[in-house]
Amino acid sequence: MKKISKRYYFLIGSLIFGMFFGAGNLIFPIHLGQLAGANWGKAAIGFLLSGVLLPLLSLLAISITRSNGIYDLAKPISPKYALIFLILVHATLGPLFATPRTATVPFAMGFAPHIPARYQTIGLLIYSAIFFGIVYYFSVHENGIVNTIGKLLNPAFLVMLFIIFLLAFISPLGSTSGQHAAAGYTTQAMTSGFLEGYNTMDALAGLAFGITVITAIHALGIRKQRETSVFLAKSGIIGVALIGIIYLASIYLGAMSLNNYKISENGGIALAQLSHHYLGAAGDALLATLATVTCLTTAMGLVVAFAQDFHHRFPKISYRTFLTFNCLISFLIANLGLTTIITWSTPVLMFLYPLAISLIILGITSPLFGHDNRVYRMTTIFTLIPAVFDMIRNFPPVLAETGFAKAAVTFASSYFPFFSIGFGWISFALCGFIIGLICHFIARRETATAAEEA
């Protein structure tokens, strides 16, 4: 550890920053700021916990358990559960939500504001077709041109963002105090901000792609598990701290924007408005170009990881087949529009995140109970119950208005502690964890007693 130069901490920190931060991550903190209004500070704390701290903890869980990814991390629960959870996470990060979002975010930010409403649908269709055509072409041919361009233009995107932040603080749109907070942010700003952080999907991404960071650390000559975890924690703090600063500035900017604009339909629209306000037409052109390239490189990383992982798990199906499937489905779902994608992704994330958080905590604390699968299983079984009800509670209106959904929400609201604020899973997970620990220590005592008698 002493031989490792300090610059390597910044090297791995920048890798972590690049893995977690993309143009899409901006739309949620800005929109959060608009929703929270004067309570943006409390909302920001919650958002940073789920959008910054959890992703870092997910990397630590991968390191501490010496896992190669989600499957290995969840395998103590059961191989079947691990496979199902792997598929659900990759489907969420892949063709269902995150990958389609890489096309809809730059369209909403850079192009939609300049297209008449009646042409929005055809505009998105053409844009997303070109977008995923480029993603497929360079991914299937393993050509690094787009990634090379991205390495040049992605920093330019951060520079542009910094300029907007700087101008906003030099010439603010107005005070955030007194700004109206939307429903859910008047008395529960922090918890609502925490739940909004789910939309970044970064904790799931950390579980799925964390092995990339671990491999990079091992390439530096750091092999021991403890040294790897310590190095990861130090470099991770550097990477996520920068993300946290950008999130804080974005949330504040969103709250301040209420002086000039109404709460937008999504954060992409809000960012476009702010860019135009401070940089004019030049800002519009830059935002459209840089956001597109940034999201192209993100999309390529997602589709390649999806195809490689699933080809590894199901070798009879080719890499190209998985790649084609991902790009095609992502293209179709992208044409539902950014707001629709966010609406339908929310219930899925409300189901997956409690399971992911409990798995992260189990991974980090597993050395304390010898990685005993009883603790893993009991915690997960208990967490599953409220996670299902959380998903139902966040169904889109077309499903939430059904008799079954209403009855389920009424039942959970009456009997699950903290369910009304989106944290019904905490007491269940804790109960399962404690029962699992009791089973572990009883089994260990029985084993010790049997060994003494023998």
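Computed from the coordinates by the stated procedures, all read-outs in this text should not be read as laboratory data. Since this is a predicted model, take the numbers as computed values, not measurements. Ideal geometry is used to build each Cβ from the backbone, glycine not excepted, and the neighbour counts take in all protein chains shown.
Worth pointing out:
- Using the average count of surrounding beta-carbon atoms within 10 Å as a protection proxy, the listed peptides 181-194, 78-91 rank, highest first, as 181-194, 78-91.
- Placing a label point 7 Å from the Cα of residue 72 along the Cα-to-Cβ direction, the residues of the range 190-219 with a backbone N closer than 16 Å are 206-219.
- Extending 7 Å from the Cα toward the beta-carbon at both residue 405 and residue 320 defines two label points whose distance is 4.2 nm.
- Axis of helix 120-140 versus longest Cα principal axis of the chain: the two differ by about 50°, to the nearest ten degrees.
- Global geometry of the range 191-303, whether rounded, prolate or oblate, following the gyration tensor of its Cα atoms and the 1.5 cut on a/c: prolate
- Against the chain, whose longest principal axis is taken from its Cα atoms, helix 79-91 shows a tilt of about 10°.
- Rounded to 10°, Cα long-axis angle of helix 338-365 versus longest principal axis of the chain: 30
- Listed pairs 75/316; 262/406; 6/75 exceeding 28 Å between Cα atoms: 262/406; 6/75
- Prolate/oblate/rounded call for the range 147-227, Cα gyration tensor, a/c under 1.5 rounded: oblate
- Taking the Cα centre of the chain as reference, the dipole from Cβ charges on Lys and Arg (+1) and Asp and Glu (-1) amounts to some 780 debye.
- The range 422-435 - phi-based ³J(HN,Hα) in whole Hz, Karplus 6.51/-1.76/1.60, Gly and Pro as x: x, 10, x, 6, 4, 5, 5, 4, 5, 4, x, 5, 5, 4
- When the P(r) of the range 295-454 is calculated, the portion above 28 Å amounts to 47% of the C-alpha pairs.
- Kirkwood Rh and Cα Rg combined as Rg/Rh, the chain: 0.98
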